[in-house]
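Taking it in order: structure first as C-alpha cells, then the write-up.
The values are calculated or read from the model by the stated rules, or taken from the named source; none is laboratory data. These numbers come from a predicted model, not from an experiment. Note that each Cβ is placed from the backbone with ideal geometry, even for glycine, and that neighbours are counted across all protein chains shown. Protein only, heavy atoms only, side chains kept; ligands, DNA and RNA dropped before computing areas. Shrake-Rupley method; radii C 1.70, N 1.55, O 1.52, S 1.80 Å.
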Amino acid sequence: MAADADASCERPSHMMSAIDPAPIPDDPPRICAELFPELRDRVYLDTGSAGLSPVGMGRAAAQFYDEAKATGYRGQAAWQAKAAKVRGDLAVMLSVDPAEIEFLSGTTDALNFVSHSFPWQPGDEVVFAEDDFPSVRLAWLSAERAGAVLKPVPIPSEPERSAALIAAITPRTRLVATAQVQSVSGTRVDLDAIGRACHTQGALFVVDGIHALGATPVPLDHVDVFAAGVFKWMLAGFGLSVCILRPRARALLQPAYRGYLNQSEGDGFQFAHVNYPGLYALEASMEVMGGIGWDLVHRRTLALVGWLADGLQDLGIELLAPPGQRAGVATLAVPESERVVQALAAHSIHVARKGPLLRATPFFYNSREDVAQFVHALKGEIR
C-alpha cells in the first residue's frame, strides 16, 4: 500500500482515529487507487449491483482453506474464532450485541427464515410496499398459507414512502417489512418512525438492508430484524448475509430450521456451519473500510450522489429519491434506457438499467470526476 498516503489514507487499521467531519474531498482516499485497480481505466457506478473487491480479498478467503481447513477438523478453533471476530466487528459497527447476529446465505434466505419462524395466526396482516424488491414482497407467502393476509401498500410518491407504510399499520398488523433503501428509487425510509409505529401496535419490524449496509448509517434502535447480503456496499462475496435478530424478534420467533447446533429448545437459531470463507473475505473488506473510517465512507457516498444530482439538474433531470432521503442509489428516468446504458458502457462508464430507468450507485472509492464524466456522457446520449 502507498507509503506516502496522507493521515486519513494510511494502511487500514481499526486503531485509526475517527474522521473529522470536514468537507468531503473531490477524490477518494489515495489508498483506493491501489486497492481498486478496476477504477484506473473505467468509471464504475454499479456498486448497487455488486461492489468491487479490494486487492487481497482472494488471499483472505484462501486463508480458510490454506491455513484453517488445511489441518482438517483440527482447524475448527481457528474458523470459529474468525466467525466470532467478524461478529464482534459487526456488533461494534451497528451498535448491537454480538449475540444478536446470525450468518445466513443471503438477504432472501434471511427474510424467508423469519417468515417460516413466525407463529402466524389466521387474519394476521403483513404490510409491505407494493413496489418493493421481490424478496421483500414474496418472502411472506408462507404466512399467507398459514392464514395471514398480505397487505401490499401503494406508494403515492417517494417523499411519502415511510408515511404510507405507517398509515397501513392496524391492530391486526403482525409484521411490517421494508427495504431501508428502495432498490430502484433509492429512497431511504425512516426506520425510527416506522419502527415506533410497529411497536405501538405490537408488530414486528423487518428490514432488508442490502442497499444500506456499508453505504449509509443503519439505525437499529426500533428495528427487530435486519437482514443484508454483503456483496454490494460491504464489498465481500455472495452466499453470506448478516441477519440481526433483536430481543423482541428472538422472543417471538420459533426456529424453523433445526439441526445439530440447535437440537433443543433454547439453543438458538444457528443450526449448521456458516460460510467461513465468506467470513474471512468479509473481515478483509471491513478492515479496509473500517480503516478508512465508516464515517468518511458514508459521507463520501452521500456526497457523490449529491454531486450527481447537481450535475443532472443542468440537464433538467431529477433523481427519484428526494433530498434528505437519499443514500447510495441515484436513479433517473431517461429515454431509451437500454441503448443509453450500452452506450455508456462503450465509454467504460458502468451503470445499471431498471426498466425505463437508469441507476447509478457510486461508492466512496469513486471520485467527483467519475460523476462528471457520467453526466457529460449522459448529456451526449440523451440529446
Average silhouette area of region 227-321, convex hull of alpha-carbon atoms, in square nanometres: 9.1 nm²
Ratio of Rg to Rh over region 261-307 (Cα coordinates, Kirkwood Rh, two decimals): 1.29
Model label zone, Val149; criterion: amide N under 12 Å from point 7 Å along Cα-to-beta-carbon; scope region 104-143: 122-127
Nearest-20 debye value, the chain charge dipole, Cβ charges on Lys, Arg, Asp, Glu: 700 debye
Among Gln182, Gln263, Gln63, residue whose mean-square fluctuation peaks in a GNM of the chain (springs only between Cα atoms under 10 Å): Gln263
Full-extension gain in nm, Ala84 to His376, via 0.36 nm per residue minus C-alpha separation: 100.5 nm
Total formal charge among the other residues, if their Cβ is under 14 angstrom from that of Leu261, Lys/Arg +1 and Asp/Glu -1: -2
Accessible area of Glu100 in the full protein assembly, 1.4 Å probe (Å², nearest 10): 20 Å²
Mean shadow area of region 232-277 over all directions, Cα convex hull, nm²: 4.2 nm²
For the chain: relative contact order, % (alpha-carbon pairs under 8 angstrom, 6 or more apart): 23 percent
Under-5 Å amide H pairs with Arg353, H placed in peptide plane, nonlocal only: Arg359
Candidate lysines - alpha carbon under 20 Å from Lys69, same-chain residues fewer than 8 apart omitted: Lys82, Lys85
Region 78-112 versus region 314-383: alpha-carbon centroid distance in Å: 33 Å
Local electrostatic count at Pro356 - Lys and Arg +1, Asp and Glu -1, tallied over other residues with Cβ under 13 Å: +2
Long-range amide H partners of Asp46 with built H, under 5 Å: Thr361
Vicinal HN-Hα couplings computed from phi for region 99-110 (Karplus, 6.51 cos²θ - 1.76 cosθ + 1.60; Hz; Gly/Pro x): 5, 7, 9, 10, 10, 10, 8, x, 4, 4, 4, 5
Karplus-derived HN-Hα couplings along region 81-87 (A = 6.51, B = -1.76, C = 1.60, θ = phi - 60°), whole Hz, x at Gly and Pro: 5, 5, 4, 5, 5, 5, 4
Convex hull per residue volume in Å³, alpha carbons only, for region 130-240: 102 Å³
Region 161-230 versus region 247-283: alpha-carbon centroid distance in Å: 22 Å
Correct choice for Cα extents along the principal axes in Å that was computed from the model, options (i) 67, 43, 42; (ii) 58, 56, 37; (iii) 64, 48, 39: (ii)
Under-5 Å amide H pairs with Thr173, H placed in peptide plane, nonlocal only: Glu125
Rounded to whole Hz, the Karplus (6.51, -1.76, 1.60) HN-Hα couplings of region 135-150, x for glycine and proline: 5, 5, 8, 8, 4, 9, 4, 5, 5, 4, 5, 8, x, 6, 10, 7
Partner aspartates and glutamates for Lys354 [C-alpha distance under 20 Å; skip if fewer than 8 residues away on the same chain]: Asp46, Glu130, Asp131, Asp132, Glu158, Asp208, Glu318, Glu336, Glu338, Glu381
Long-range tail of P(r) for region 252-383 (Cα pairs > 26 Å, %): 45 percent
Debye intensity ratio I(q)/I(0), log10, region 18-133, q values 0.11, 0.13, 0.20 Å⁻¹ (C-alpha model): -0.71, -0.95, -1.29
Label point at Tyr257 placed 7 Å out along Cα→Cβ; residues across region 272-293 whose backbone nitrogen lies under 13 Å: 272-276
